[in-house]
Amino acid sequence: MADQKDRESGVGRVMLDMRSVSKRFPGTLAVDEVNFQVKTGEVHALMGENGAGKSTLMKMLAGLFSDYTGEILIDGEQVRLVSPTLAKQAGVAMIYQELSIAYNRTVQENVFAGRIPVKGKVVDKRALSEMTTEVLKLVKLDGKIDPATPMRSVSQHESQLIEIAKALKDDPKILVMDEPTSSLSTEEVETMFELIREVRAKGYAIVYISHHLQEVFDIADRVTVLRDGKLIDTCEVKDVTKEDLVEMMVGQKMSDFYKHVDKPVGDVTLEVEGLTHYGFVHDVSFKIHKGEILGLAGLAGAGRSELGRVIGGIDRMDAGVCRLNGKEIKTKDMCNMVKRGVAYLTENRKTEGLTLRLTARENIFSAIIPKLSSGLLYFPKRGEGILGELYEGLNIVPRDKNLTAANLSGGNQQKVLLAKWMATRPEVLILDEPTRGVDVGAKKLIHETIEKLAADGISVLLISSDLPEIVSLSDRIIVMKQGHLIGELTKKDGFDESKVLLAANGERSVFSVEY
């Protein structure tokens, strides 16, 4: 391990220097000639919209891409980071938003995975426990958590701290933290910040990725903004405002609002009153009208997907009421909600939305089996007409409906998932990140489909972290923060990406209606 005095004595020198780095994917230049420096004893925030290139840039640093161009210097020495092992040896530790934790194992087994001490041919449990206790001291969890505790019994906040401890135990030179507070409460966030300040004071170079504007001003020294894979600017945090950062991220001034055209909407289709799912969504109430696209915005961890899942019958509703066309309905399960006319398109198409080993036809028909059946007999030929319409309307390719979903591109998988729920002829369609991971052409077609669905009278709840998407498609936008609905933006008063981003960060002055 490096001597801490040596580390502290070098505070302020450039530890990470990425020079004109680029990464290209087929058809996309994800990172374009970016220069990025981080100093020792500094928290450097990295910001940008989804798709701006933040994650790709950091994955290059973590050794996940061997085909990047440009130079990377760590502590003045040029390195070629073509594998995670080489990145770790060079002193890079990355803590991902999705924690790399084995929940069926103990704390100590997670902390020392791959390096568990043995005595003879058996695990040296005493040494393992003592070593883990020393590591937990780095994040002030010693004495609070038994190293032998199963990870499934540990809170989310403690899991996040354990992940940081795992990284710090190897005394890295550079610590990358990707949305470390996305699932933490306000009190837990402050505890996390105290730890980060202590780590900064020891001379570590810290990269902090976040969509939360206030966090940048609370914890960061400098901030770099990326947009469309390009470096926009690097600034001292003390020299910029929230409005400055928003303008850099979205590429337009706060005053440049979209010019919207109001369209007529019908009566209330879905009404939600006091909806609560303990720990995730609290006392949420709103209405969607026939033919309306209602946008649902919020930062990571705000409770958007959780709200959609409850309404769709996937997760339980602990309190509250849902009414469809004025009649109360029970969100007891997904099958019941689909039968009633409410469909939910998940954000996780590969794990929750599609069965990849089944054909596209089988995936689409899986949502309408009752309509294709008589008693105990199933007649898939009854669905060929609607299947052809969906394939044609969504331009799903290849046209072979017997191809397994696993053999389709990401964009066409997403189209099949959308077709699956369109086949149910819903009155309310909940779309959770409907264009995540698709190319520009597929995104355009899906957007056109969403607008056509609304024009046909379907009520759409659009959950999206893609600001241009939610702004361009929505008639109204409601905003969540920490599980609560905090306000509404309307076309009449005007909204754009800047307003939505500020609203999601809790800037209440931008709301047309404050809840």
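Remarks
- So GLY303, is it farther than 18 Å from VAL428 by Cα and assigned by TED's automatic domain parsing to the domain that holds GLU497: yes
- Those residues of the stretch 135-170 which are charged (D, E, K, R), part of a helix (DSSP H, G or I) and exposed (fewer than 14 other Cβ atoms within 10 Å of the Cβ), in sequence order: LYS137, ARG152
- Number of positions in the stretch 306-344 that are small (Gly, Ala, Ser) and closer than 21 Å to SER366 by Cα: 5
- First in the stretch 86-106 and part of a strand (DSSP E or B), second anywhere and surrounded by fewer than 17 Cβ atoms within 10 Å (Cβ to Cβ), Cβ under 8 Å, 6 or more apart: ALA93/ASP170; THR106/ALA148; THR106/THR149; THR106/PRO150
- Hey, MET94 surrounded by 22 or more Cβ atoms within 10 Å (Cβ to Cβ), touching a helix residue (DSSP H, G or I) at 6+ places or on another chain (Cβ under 7 Å), at pLDDT below 95 and under 20 Å from LYS173 (Cβ atoms) or not: yes
- Number of positions in the stretch 214-236 that are under 11 Å from LEU46 (Cα atoms) and in a helix (DSSP H, G or I): 1
- Scanning the stretch 318-371 for residues that are basic (Lys, Arg) and loosely packed, with under 13 Cβ neighbours inside 10 Å gives LYS327, LYS330, LYS332, ARG357.
- The stretch 423-437, residues that are under 17 Å from the mean Cα position of the chain (by Cα), crowded, with 21+ Cβ neighbours inside 10 Å and not aliphatic (A, V, I, L, M): ASP432, GLU433, PRO434, THR435
- Extreme residue, surrounded by the most Cβ atoms within 10 Å (Cβ to Cβ), among residues of the stretch 114-129 that are in a loop (DSSP other than H, G, I, E, B) and out of contact with any strand residue (DSSP E or B) (no Cβ under 9 Å at 6 or more places or on another chain): ARG115
- For the stretch 237-273, taking the residues that are at pLDDT below 90 and β-branched (Val, Ile, Thr), the one that is farthest from ALA45 (Cα to Cα) is identified as VAL265.
- Taken together, the residues in the stretch 105-149 that are of a type outside the set (Ser, Thr, Tyr), under 15 Å from ILE162 (Cβ atoms) and in contact with a helix residue (DSSP H, G or I) (Cβ under 7 Å, 6 or more places away or on another chain) amount to 16.
The values are calculated or read from the model by the stated rules, or taken from the named source; none is laboratory data. Since the model is a prediction, treat every value here as computed from it, not as a measurement. Methodologically, a virtual Cβ is constructed for each residue, glycine included, from the backbone with ideal geometry; neighbour enumeration extends over all protein chains shown.
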